[in-house]
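The values are calculated or read from the model by the stated rules, or taken from the named source; none is laboratory data. Just so we're clear, the structure is a prediction, and the values are computed from it rather than from any experiment. We place every Cβ from the backbone using ideal geometry, glycine too, and count neighbours over all the protein chains shown. SASA here: full protein model, heavy atoms, side chains in, ligands and nucleic acids out. Shrake-Rupley method; radii C 1.70, N 1.55, O 1.52, S 1.80 Å.
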Amino acid sequence: KQWYQRRVQSVLFSFLYEYDCVTGNLLYDHSDHYGNFFIVKKYLQALQIHNKTKIYRRNYKSIDITVLENDFEEIDWISKVQNECNIDKCFENIISETENLFNKHVPLKEISNRKAKYLGKPWIDNDLREELKKQNLLFRQKKSLNSEENITNFKIQKNKVTALMRRKSAAYFREYFKKHKHDTRKMWDGINMALRQSRRKKSLPDTIADKNGKTLETIEEKVNCFATHFESVPKITRSKIKNSAKDYKYYLRKTPVCNSYLVLHSTGPDEIYKLLTQLKNKSSSGPLQISNFFLKIIAHKLAFPLTIAINKSMTAGYVPSILK
């Protein structure tokens, strides 16, 4: 249930306030089912900044595998990983060097407004672009000479482009939803794209009221209202649970006590390489923004320093702080 609540909240609010939203749980001692919250800070101001923000993208097609592998081999992994006694520093070196390689070989490049527009409408293919060029040409001719012929030609071409764009858009979404019918995130992405929701039309509530309908004016009143509500949730839930006639031990599995020990064997480059290549490209890249696709490209090289670092961690029985 908790996962479902977080999932619904993430889906709804990440699409509405993707760039200016913080979500999380409210922690308290009465229950392990925590209340969710989301914070939107200075939405309108952030929206104006976002509209003026330049858009960047990484181009993976320009990666030179040979140069990338040579740069990887030039790194002194022996001193940075193998001879490094501090496990935290060992993992930090691996992450730092990998991030440097990523930024060097797959740098962020600014994309034009025209390309950004096409990226937001993936159904605009080369055929449709050619028709748009013709429409723009006829528009310039109509503007320079506002004759009846030029006006008619422009209207005909404009209607043709509009009809073609609608057909291609419908075909794109049919194929998109058919392909991603089992992927919830992709389905929501498609729905959001299909609805063409404009960020300019989104708004936040101006007032907050408690359960009695009283408008909360001050920040202290709002905070106390939320705190009171979430504090009462476990108490109310507990009061609705009927007492069981059977002891809790009745529901426990009747399994014998296991006296065996948990043994962690050392790993090897082959196992690490296999795990790296099994990473999904669509999965989140994490706070460092190193994509799984890039990790899979250098997996056969990266497996060796990772093996040394992981074996050091298991031997010492210490989990590096950067992974906590």
Criterion violated by ILE191 - all others in (1) open to solvent by 60 Å² or more (accessible area, probe 1.4 Å); (2) hydrophobic (A, V, I, L, M, F, W, C); (3) closer than 30 Å to GLN141 by Cβ satisfied: (3)
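Being of a type outside the set (A, V, I, L, M), out of contact with any Asp or Glu (no Cβ under 8 Å at 6 or more places or on another chain) and closer than 30 Å to CYS85 by Cα narrows it down to one of HIS265, HIS229, so name that one.
Unique residue meeting the criteria: HIS265.
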Those residues of the range 283-324 which are exposed (fewer than 12 other Cβ atoms within 10 Å of the Cβ) and free of Cβ contacts under 8 Å to residues at least 60 places away in the same chain, in sequence order: SER283, SER284, GLY286, PRO287, THR315, GLY317, LYS324
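The rows are residues; the columns are (1) out of contact with any Leu (no Cβ under 7 Å at 6 or more places or on another chain); (2) part of a loop (DSSP other than H, G, I, E, B).
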| residue | (1), (2) |
| --- | --- |
| CYS225 | no, no |
| PHE230 | no, no |
| VAL233 | yes, no |
| THR237 | yes, no |
| ALA245 | yes, yes |
| LYS280 | yes, yes |
Members of the range 59-87 that are of a type in the set (D, E, K, R) and open to solvent by 70 Å² or more (accessible area, probe 1.4 Å): LYS61, ASP64, GLU73, GLU74, ASP76
Restricting the range 222-257 to residues that are charged (D, E, K, R) and surrounded by fewer than 10 Cβ atoms within 10 Å (Cβ to Cβ), the residue that is modelled with the highest pLDDT: LYS240
Per-region count, the range 258-278, residues modelled with pLDDT of 75 or more and either open to solvent by 50 Å² or more (accessible area, probe 1.4 Å) or not in a loop (DSSP other than H, G, I, E, B) (or both): 14
LEU306 vs. criteria modelled with pLDDT under 90, in contact with a helix residue (DSSP H, G or I) (Cβ under 7 Å, 6 or more places away or on another chain) and within 22 Å of VAL263 (Cα to Cα): no
Considering residues of the range 88-135 that are more than 30 Å from TYR318 (Cβ to Cβ) and small (Gly, Ala, Ser) only, the residue least open to solvent (accessible area, probe 1.4 Å): ALA116
Qualifying residue in the range 55-71 (condition: more than 20 Å from LEU306 (Cβ to Cβ), modelled with pLDDT of 55 or more, in contact with a helix residue (DSSP H, G or I) (Cβ under 7 Å, 6 or more places away or on another chain) and not hydrophobic (A, V, I, L, M, F, W, C)): yes
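Would you confirm whether any residue within the range 295-303 is farther than 30 Å from LYS61 by Cα and either modelled with pLDDT of 85 or more or not in a helix (DSSP H, G or I) (or both)?
No; the residues of the range 295-303 include none that is farther than 30 Å from LYS61 by Cα and either modelled with pLDDT of 85 or more or not in a helix (DSSP H, G or I) (or both).
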Hits in the range 210-243 - residues which are in contact with a Ser or Thr (Cβ under 6 Å, 6 or more places away or on another chain) and in contact (Cβ under 8 Å) with a residue 40 or more places away in the chain: PRO234
